1. Being open to solvent by less than 50 Å² (accessible area, probe 1.4 Å), under 30 Å from residue 111 (Cβ atoms) and modelled with pLDDT under 80, is that true of even one residue in the stretch 71-83?
2. If you take the residues of the stretch 350-360 that are crowded, with 21+ Cβ neighbours inside 10 Å and not hydrophobic (A, V, I, L, M, F, W, C), which of them is farthest from residue 205 (Cα to Cα)?
3. Does residue 289 satisfy being open to solvent by 50 Å² or more (accessible area, probe 1.4 Å) and closer than 30 Å to residue 216 by Cα?
4. Scan the stretch 490-504 and give yes if some residue there is of a type outside the set (A, V, I, L, M) and at pLDDT 90 or above, otherwise no.
5. Kindly establish whether residue 309 is assigned to a helix (DSSP H, G or I), surrounded by 18 or more Cβ atoms within 10 Å (Cβ to Cβ) and within 12 Å of the ligand (Cβ to nearest atom).
6. If we keep just the residues of the stretch 276-286 that are farther than 18 Å from residue 355 by Cβ and open to solvent by 50 Å² or more (accessible area, probe 1.4 Å), which is farthest from the ligand (Cβ to nearest atom)?
7. For residue 357, all conditions in the list (1) part of a strand (DSSP E or B); (2) more than 14 Å from the ligand (Cβ to nearest atom); (3) of a type in the set (D, E, K, R) hold save one; what is the number of the exception?
8. Does residue 463 satisfy being open to solvent by 10 Å² or more (accessible area, probe 1.4 Å) and within 26 Å of the chain's Cα centre (by Cα)?
Amino acid sequence: MGDVTLELIHRLANVLLGVSALTVAALIVVEIGRRPTRRREPLGIAFCIVFLAIGLRAAVRVTLEHVPSVPREAAATVVAVDVLAAGAALAFLALRRRYGVFIESADIVREYETEYAAKEREAHALAQVNEELRRLDELKSEFLAMVSHELRTPLTAIVGYGRLLLRQVHGPLNAKQVEHQEAIFRSAQRLTDLINDLLDVSRLEAARIELHPRATDARQVTEHVIAAVRVAAQAKQLHLLNELGESLPLVQADQTRLHQVLVNLVGNAIKFTPAGGIVRIRGGRHNEQVWIAVEDTGVGIAREELARIWDPFYQVESPMRRQHGGSGLGLAIVRRLVELHGGLVRAESEGEGRGSRFSFTLPIATEALRPEGAPEPEAALEPVLAGREVLIVEDDEASQALMRSVVEDVLGGRARVCADGEEAVREASERPPALLLLDLMLPHLSGWEVARRLRQHPATRGLLIIAVSALARPQEREAALHAGCDAYLSKPFLPDELARVVATTLLSEGVSSR
Ligand code: ADP
């Protein structure tokens, strides 16, 4: 190839290279300027500078007279490189749209990364808040357990002495005294129910109630419920009808909780139905569920109230309802318990004065009815202790005196009392009693530890121990039994209940192997 031709190709290539490189540089500037974000674009700027430099260099080379000072034999290579560079620049121009896409994708990636980092920070903050809430919830639960313990302890004395007075253990009362005593007793009972409801609501909200569902005969549970509320219904001359048919399938339910649901609904029906009315319990099968409804002919519920009555503490205000008190927690507990079983609740009423219908569903049992275990031997209220000694370990003086009264006046035993855990272990080891009534929250040594130590000591290994505590949560009951207690009675208790637990424990000792 001659020098002239080479020179021509060299100039042409540099013209193309210069024009295209400068165009590319300009396009990059435009592209960067057009982007919505004001962020710097280092890659774009670098490209822009490179193309600007290539363009300027090409422009300078176009104006040179000869192929720059390279040996003649290398001149062809220089020209070839210039041609290739021009080709590359043109190709880049052709592909500039892709470059736009590239910049945009880089933007999206960067935005995504920033967003991701922000989300990660948020998630971390949320996890911290969650942890804090969980801790607060635990504190609330501990606080409730503690408060209910503190409330139950004095209630034990009120309820217990109230019942002892009503039983006229210490001599006859006149009619006025009985009436007042009954009022005190009823109020104390209501307070106990309220504390139990509060504990239940908080446990249900924290999903801390464990169900033990098994095949359950809802008809039989309803019979027990009717027996429990019969006196209240009779006082208002209400007709209580269990209309659950024999063909009703068994339900898969926790028997105690089903009883609680029905007591609440039937209790409400009795409360809100004027004298002479009817309360019906009906039921049937619907697909794989059983429905049970409690219907009454009472005061009814206005349409706009129907959804709200399930909220905790909500009560419909009306003179008839206000006569009855209550906490407004019953239906909230009913709903949560039913939902925990996988069922639904529903309230219906044609309006005020036209009765109400509360219904719920439960799953049909997946297993057959299990035979009940051998019934606990029911002990009569006789002086079963017959002069035997009972060690009462209790630091609350009112509870001490109440237990002493039950042990001595009702059960015919002899009571020794101590108020401290360490002293209890010493006392029981030195002079083992026939039975130990053991509070759990004791000074110096907890009741659980007292039970554990007594079980380890040969002289007291076989001692009968009944835990009597205001701690009402299942885990505390289980811990007491695990530590070696033979039975558990929660405060407040009725003297009859304490007497029964003592009698039953003595009886089962007679028949058990230990
Ligand atoms: P409580 O009975 O302690 O007030 P509940 O949660 O059981 O609390 O009931 C909430 C409210 O729903 C009641 O105060 C009452 O206004 C209304 N209610 C419940 N059952 C009935 C019923 N059978 N008839 C009319 N109103 C009812």
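1. no
2. From the stretch 350-360, those crowded, with 21+ Cβ neighbours inside 10 Å are 355-356, 358, 360; that's our starting set.
In the following step, the residues that additionally are not hydrophobic (A, V, I, L, M, F, W, C) were identified as 355-356.
Values: 355: 30, 356: 27 Å.
Among those that are crowded, with 21+ Cβ neighbours inside 10 Å and not hydrophobic (A, V, I, L, M, F, W, C), it is 355.
3. Values: open to solvent by 50 Å² or more (accessible area, probe 1.4 Å): yes; closer than 30 Å to residue 216 by Cα: yes.
It is true that residue 289 is open to solvent by 50 Å² or more (accessible area, probe 1.4 Å) and closer than 30 Å to residue 216 by Cα.
4. Step one: of the stretch 490-504, the residues of a type outside the set (A, V, I, L, M) are 490-493, 495-497, 500, 504.
Narrowing further to those that are at pLDDT 90 or above: none.
No, the conditions are met nowhere in the stretch 490-504.
5. Numbers: assigned to a helix (DSSP H, G or I): yes; surrounded by 18 or more Cβ atoms within 10 Å (Cβ to Cβ): yes; within 12 Å of the ligand (Cβ to nearest atom): yes.
Criteria met by residue 309.
6. If we filter the stretch 276-286 for residues that are farther than 18 Å from residue 355 by Cβ, which is where we start, we get 284-286.
In the following step, the residues that additionally are open to solvent by 50 Å² or more (accessible area, probe 1.4 Å) were identified as 285-286.
Details: 285: 24, 286: 22 Å.
The qualifying residue farthest from the ligand (Cβ to nearest atom) is 285.
7. That leaves (2) as the condition not met.
8. Numbers: open to solvent by 10 Å² or more (accessible area, probe 1.4 Å): yes; within 26 Å of the chain's Cα centre (by Cα): no.
The answer is no for residue 463.
The values are calculated or read from the model by the stated rules, or taken from the named source; none is laboratory data. Being a predicted model, the structure only gives us computed values, none of them experimental. Quick reminder, even Gly has a Cβ in these numbers, built from the backbone with ideal geometry, and neighbours come from all protein chains shown. Side chains included, ligands, DNA and RNA excluded: accessible areas come from the protein's heavy atoms. Shrake-Rupley method; radii C 1.70, N 1.55, O 1.52, S 1.80 Å.
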